[in-house]
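Visitor: Let me begin by handing over the structure; questions about it come next.
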Amino acid sequence: MNKKNKDGEKEFDWYSYMIQLEHLTGNNVPDEYRADVISYLKLTKQIVQPLLECDIPEEFEAAPVYRP
C-alpha cells in the first residue's frame with residue numbers, strides 16, 4: 001500500500017487502504033464521500049501516532065479492576 005512520491009520516497013496509499021477496509025467490513029463508501037473518509041483516516045492516524053510511540057510496561061494493567 002505504499003507508493004513513491006515525486007521525491008522517490010515511500011508514501012502511504014490511503015485510497016488502497018480505504019478499498020481494503022471496504023472489503024474487510026463489507027461496506028461501500030459512496031464516491032462523493034471517499035475524499036472525506038480518506039481525510040478522516042489521515043486525521044485518525046495523527047491523533048493515534050503519539051500513543052503508538054509510547055512504551056507501555058508489560059505489567060501495566062489496561063483496565064483497572066474495581067474491588068470494593
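Visitor: With labels modelled as points extended 7 Å from the Cα through the Cβ direction, what inter-label distance (nm, one decimal) is found for residue 12 paired with residue 33?
Guide: Modelled inter-label distance: 2.1 nm.
Visitor: Using the Cα centre as the reference, give the magnitude of the dipole from point charges on the C-beta atoms of the chain (Lys, Arg: +1; Asp, Glu: -1; all else neutral), rounded to the nearest 20 debye.
Guide: Once rounded to the nearest 20, the dipole reads 200 debye.
Visitor: Scanning the chain for GluC sites (Glu not before Pro) in DSSP loops with at most 11 other Cβ atoms within 10 Å, what's the longest stretch left with none?
Guide: Working: sites that count: 9, 53, 58, 59, 61.
Looking at the chain, 10-52 is the longest stretch - no exposed GluC sites (Glu not before Pro) with at most 11 other Cβ atoms within 10 Å.
Visitor: Suppose we flag chymotrypsin sites (Phe, Trp or Tyr not before Pro) only when DSSP calls them loop and at most 14 other Cβ atoms lie within 10 Å. Which is the longest uninterrupted stretch of the chain?
Guide: Values: sites that count: 60, 66.
Segment 1-59 is the longest.
Visitor: Looking at the chain, what % of the alpha carbon pairs are farther apart than 15 Å? Before the final figure, lay out the partial values.
Guide: Working: 1593 of 2278 pairs.
Distances greater than 15 Å cover 70 percent of the Cα pairs.
Computed from the coordinates by the stated procedures, all read-outs in this text should not be read as laboratory data. These numbers were taken from a predicted model, which means no experiment stands behind them. FYI the Cβ positions are ideal-geometry reconstructions off the backbone, even for glycines, and counts take in every protein chain you see.
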